[in-house]
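Input: a single structure, listed below in structure tokens.
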Amino acid sequence: MNGFPSYRGDLRYVCTHCAGSFPGSDLLYTCPACSGVLLLEDASFDALRERSGPDWQEVFDARAAGRNPALSGIFRFYELIAPVLEEEDILCLGEGNTPVVPASPALQERTGAAFAFKNEGQNPSASFKDRGMACAFSFLKTLLRKRGWSSVLTVCASTGDTSASAAMYAAYLGESVKSVVLLPQGKVTPQQLSQPLGSGARVLEIPGVFDDCMKVVEFLSERYPVALLNSKNSWRILGQESYAFELAQWRRWDMRDVCVFVPIGNAGNITAVLKGFLKLYALGVITVLPRIFGVQSQHADPVYRYYAAPATSRSYAPVAVRPSAAQAAMIGNPVSFPRVRLLAERYEAAAGPDSFHVLQVTEQAIMDSMLEANSHGHIACPQGGECLAGLKAALQYGLVSSRHFSILNATAHALKFADFQNLYFTDAFPPDFGIRPRPELTNAPEAVLSPAERREMGESRFLSETAARIARRLDLTPRQAD
Ligand SMILES: *Cc1c(COP(=O)(O)O)cnc(C)c1O
Ligand SMILES: [Zn+2]
């Protein structure tokens, strides 16, 4: 089963607005006819139906056990992702295959639900962005090779993780790919900023928020020869679909009573999740679609607001974001909103009106939930906390009950957001976040002795005296001699 797949599809960009269709061999970001947002679709997808659903399950399961590196990560689902890439162009830096970790028994009991986290922070650049980036860079490699380009300049706007991921893949490819990232000054964490810097990317900062940076890179990519690596680039969405495929495989292809929680920022991730499950369903790889729950903070909730209105009177409007601890999702005008609207409609047509929900949660609930998760052995970032807050809201509204099993996307590693944890622990969130620490969730280091005390003690007493102090603090009684 190590053989590379022979199937080649016919990828085409399809416009979410005018339904125009354009060859997937070009690098397009928006519809040449109407400027609408695009999705990549395989025009020969129906050929994949020659294999039955159970046969596809077998193919994917066999690859999971195989050793071909080009089929070991997200491209295990090659035929469903980008079946136009050649093996030599596929770039794998260890993305995908992230663990699904059931919530600790105590956390499940406290929450009143059965659930797990999928730890996307265990991707190579410590967020889910690597899935889509692996696919986008594999396509760039294809373009470099086929068109004989000597180099390509990539740009992206980022709330932190896109730039970390783009810079890492670009650095791996070396001289042929130069990476420039545009960040909102002061609105990415120090850890996230350190990543593109360490990868050697050009890091440009702009006063403002992500939405401002996004407008600038869109403007640039329309007028200059640069490759845009935001999720507006449909190749990113294709790779991202692997999240849905892996979840289904982890469930042994049984999605009955499964609820999937995803934070929504620029809405690329939820687009990919909807699209991915629809593909599996179309091929009979799964016979039931899971229910999808998007979650947004009260401080950045345009998608929530759209779906909160009755179906007959919905209208989309960008919002001005307010400071959010779920900073990686702090986006007021999600680029992928038209994709979500289109795919949610298809999803609901296939699985019923109860199959897609968007929930809104408070900043307080986001941070409380993140710390609750991590104090139970998880590694959730604030956006993972946002998913848990969303699950709690869904339980409260009666959308989820004890018969359901929920899978929450812990989208990045907790360590990237250490500063937010610190703001919580020290009660130092600026007032506009509206977050106050709950004492039982805070923690702080305790000094055992001061430097002056240590000097006074001298080296002879340091060991016994320090140990004695610790034993007193911990209420330990000395061991009895045997
Ligand atoms: C990008 C990102 C999000 C938001 O995902 P979208 O695809 O933009 O909706 C959430 N969490 C983390 C950690 C991210 O990096
Ligand atoms: Zn169009």
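Summary table
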| read-out | value |
| --- | --- |
| Test result for S52, at pLDDT 95 or above and either open to solvent by 10 Å² or more (accessible area, probe 1.4 Å) or at positive phi (or both) | yes |
| Of all residues in the range 81-120 being closer than 30 Å to P23 by Cβ and in contact with a strand residue (DSSP E or B) (Cβ under 8 Å, 6 or more places away or on another chain), the one that is surrounded by the most Cβ atoms within 10 Å (Cβ to Cβ) | A82 |
| Matching residues in the range 425-482 - criterion: being among the hydrophobic types (A, V, I, L, M, F, W, C) and under 30 Å from R322 (Cα atoms) | F425, A428, F429, F433, I435, L441, A444 |
| The one condition in (1) among the hydroxyl-bearing types (S, T, Y); (2) crowded, with 19+ Cβ neighbours inside 10 Å; (3) within 16 Å of ligand 2 (Cβ to nearest atom) that Y78 fails to fulfil | (3) |
| L144 being touching a helix residue (DSSP H, G or I) at 6+ places or on another chain (Cβ under 9 Å), in a helix (DSSP H, G or I) and open to solvent by 10 Å² or more (accessible area, probe 1.4 Å) | yes |
| The range 404-422 residues that are in contact (Cβ under 8 Å) with a residue 40 or more places away in the chain and within 12 Å of L388 (Cα to Cα), paired with ones that are open to solvent by 40 Å² or more (accessible area, probe 1.4 Å) and assigned to a loop (DSSP other than H, G, I, E, B) (beta carbon under 7 Å, 6 or more apart) | A410/I379 |
| Number of the exception - A418 against (1) among the small types (G, A, S); (2) touching a strand residue (DSSP E or B) at 6+ places or on another chain (Cβ under 9 Å); (3) under 26 Å from S158 (Cβ atoms) | (2) |
| Evaluation of A227 against (1) under 27 Å from A171 (Cβ atoms); (2) crowded, with 20+ Cβ neighbours inside 10 Å; (3) out of contact with any helix residue (DSSP H, G or I) (no Cβ under 8 Å at 6 or more places or on another chain) (one fails), failing number | (3) |
| Meets criteria (over 30 Å from V258 (Cα atoms), assigned to a helix (DSSP H, G or I) and without any contact (Cβ under 8 Å) to a residue 24 or more places away in the chain) for A452 | yes |
| In the range 401-419, residue farthest from ligand 1 (Cβ to nearest atom) [restricted to those that are under 19 Å from V288 (Cβ atoms) and open to solvent by less than 10 Å² (accessible area, probe 1.4 Å)] | S406 |
| Meets criteria (at pLDDT 95 or above, closer than 26 Å to F128 by Cβ and over 20 Å from the mean Cα position of the chain (by Cα)) for L388 | no |
| Qualifying residue in the range 422-434 (condition: within 16 Å of ligand 1 (Cβ to nearest atom), under 23 Å from E120 (Cβ atoms) and outside any loop (DSSP other than H, G, I, E, B)) | no |
| Single unsatisfied condition, A33 versus (1) of a type outside the set (F, W, Y); (2) open to solvent by 40 Å² or more (accessible area, probe 1.4 Å); (3) in the same structural domain as W253 (by TED's automatic domain parsing) | (3) |
| So K215, is it out of contact with any helix residue (DSSP H, G or I) (no Cβ under 9 Å at 6 or more places or on another chain), within 16 Å of ligand 1 (Cβ to nearest atom) and open to solvent by 10 Å² or more (accessible area, probe 1.4 Å) | yes |
| Test: A43 is in contact with a helix residue (DSSP H, G or I) (Cβ under 7 Å, 6 or more places away or on another chain), open to solvent by 40 Å² or more (accessible area, probe 1.4 Å) and over 30 Å from L220 (Cα atoms) | no |
| Considering residues of the range 315-338 that are within 23 Å of I435 (Cβ to Cβ), assigned to a loop (DSSP other than H, G, I, E, B) and open to solvent by 10 Å² or more (accessible area, probe 1.4 Å) only, the residue nearest to ligand 1 (Cβ to nearest atom) | M330 |
| Whichever residue in the range 210-256 is in the same structural domain as T411 (by TED's automatic domain parsing) and more than 21 Å from the chain's Cα centre (by Cα) and, among such residues, is farthest from F77 (Cα to Cα) | R256 |
| Residues of the range 147-183 satisfying the condition of being assigned to a strand (DSSP E or B) and within 16 Å of ligand 1 (Cβ to nearest atom) | C156, A157, V181, L182, L183 |
| Candidate set: the range 230-270, residues that are within 23 Å of R12 (Cα to Cα) and of a type in the set (K, R); chosen: the one surrounded by the fewest Cβ atoms within 10 Å (Cβ to Cβ) | K232 |
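Here is a yes/no grid of residues against (1) open to solvent by 10 Å² or more (accessible area, probe 1.4 Å); (2) closer than 26 Å to L38 by Cβ; (3) not in a strand (DSSP E or B):
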site	(1), (2), (3)
K279	yes, yes, yes
G284	yes, no, yes
V288	yes, no, yes
Q296	no, yes, no
Y307	yes, yes, yes
R341	yes, yes, yes
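The values are calculated or read from the model by the stated rules, or taken from the named source; none is laboratory data. Computed from a prediction, not measured in an experiment: that's the story for all the values here. In this analysis, Cβ positions are derived from the backbone assuming ideal geometry, glycine residues included, and neighbour counts consider all displayed protein chains. Remember, those area values only see protein heavy atoms, side chains included, never the ligands or the DNA or RNA. Shrake-Rupley method; radii C 1.70, N 1.55, O 1.52, S 1.80 Å.
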